[in-house]
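Structure first, then comments.
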Amino acid sequence: MIVHLWSYLYRNIFRFWLKWILRQLTGKCELQRICDGSMKRAERTLRIEHSLESSKCKALQRAVYSSKDDVEKCVALIIEQKKINTQKDAVFASKLQLSLLQISGCKKLYLAVEELRKQPYNSDNNKHEEQLMELWNLLMPHEKLKARITKQWCDIGFQGDDPKTDFRGMGMLGLTNLLYSYAIVGINLTEMAYNLLKNGHLRTHFYNLVPGEPQMKDFHQFYCYLAYEFDKFWFEEKPESIMYFNQYREKFHEKVKKHLLDYDVVLALRNEI
């Protein structure tokens, strides 16, 4: 109760007066102070995002949703609203513009990933079927499928005779990621990557890795990182059997989330950094 009360008082009363006092002392607004600091890219962008979302000005709140084409206008609007002298603070606009590109890019990436996830696998859709066949040919180039529905799918990790039943909540996102890399484990890792993006944990990684808008390929590359690291993790942990998969999946998930708390983190395969 006390924590919630303090949080409410800080957001609605103390934060405003603290910002006002610091502006009087430094001659700079909160956004300028963030950009002036020695913070690295992810920490700076995360703090800019929080500052804009916490603003009482609706125009500043909307800035985190600006499109790539509108970023310059948003920067100009913020400079006008905050009465910033850009002749005295020459680097502010460029730093803010970069951070806004990253923030809006992450939000746009989530929407694109979510759209792909919501698209269920449809065996009547030729493109979906072609991608599924492509997956088989990539993983089993020397073995032909005897039929569309066959126990052979279990050889590459699916649970039953028809892979379409395994995609479930991950839809075409699960299949698309598998084409980057291995069935049920792969779909579980897709869900992990999706949830890390949805819950905002992946922002630190993207803000450090991508100098602009994160793209779908960046999400797929993070998935590949998870697949590579989970393989190492599984063999290092040496579970008694596959029956313990969910337990070790959660342990791995917590390990990745802990890494993402580091402002300097970049979770990518070496040739992608």
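Sorted from longest to shortest, the spans of the Cα atoms of segment 122-231 along the three principal axes equal 47, 29, 20 Å. Pairs spanning more than 31 Å between alpha-carbon atoms, out of LYS58/LYS95; LYS58/LYS198; LYS88/LYS198; LYS108/LYS257: LYS88/LYS198.
In terms of its Cα atoms, segment 35-101 spans 28, 26, 24 Å along the principal axes, sorted from long to short. Taking each DSSP H run with n ≥ 4 as -39500 (n - 2.57) and averaging over every residue of the chain yields -19500 deg cm²/dmol at 222 nm.
Computed on segment 207-272, the Cα convex hull volume stands at 98 Å³ per residue. Label positions at ILE242 and LYS83, each projected 7 Å from the Cα along the C-beta direction, are separated by 6.8 nm.
Global size of segment 147-197: 10.9, 37 Å for Rg and Dmax (C-alpha atoms, Rg to one decimal, Dmax whole).
Segment 209-238 and segment 125-182 have Cα centres separated by 21 Å. Considering the dipole of the chain built from charges on the beta carbon (Lys and Arg +1, Asp and Glu -1) around the Cα centre, which of ALA227, THR86, ALA183 is farthest to its positive end? Ranked along the dipole, the leading option is THR86.
Taking Cα centre as origin and charging only the Cβ of basic (Lys, Arg, +1) and acidic (Asp, Glu, -1) residues, the dipole magnitude of segment 181-257 rounds to 140 debye.
Gyration tensor over the Cα atoms of segment 132-172: the corresponding equivalent ellipsoid has semi-axes (square roots of 5 times the eigenvalues, largest first) of 17, 12, 8 Å. Peptides 229-237, 157-165 ranked from most to least packed give 157-165, 229-237, packing being the mean of other C-beta atoms within 10 angstrom over each peptide's residues. Using a probe radius of 1.4 angstrom, the carbon and sulfur fraction of the accessible surface of the chain is 54%.
Looking at the chain, the accessible area is 59 square angstrom per residue; that uses a 1.4 Å probe and ignores ligands, DNA and RNA.
Placing +1 on the Cβ of every Lys and Arg and -1 on the Cβ of every Asp and Glu, with nothing else charged, gives the chain a dipole about its Cα centre of roughly 1440 debye. Pairs of alpha carbons in the chain separated by more than 22 Å make up 64% of all such pairs.
The values are calculated or read from the model by the stated rules, or taken from the named source; none is laboratory data. As the structure is a prediction and not an experimental result, all values here were calculated from the model. A quick note on method: Cβ atoms are made from the backbone with ideal geometry, for glycine too, and the neighbour counts reach across all protein chains shown. Ligands, DNA and RNA are excluded from the accessible area calculation, which covers all protein heavy atoms including side chains. Shrake-Rupley method; radii C 1.70, N 1.55, O 1.52, S 1.80 Å.
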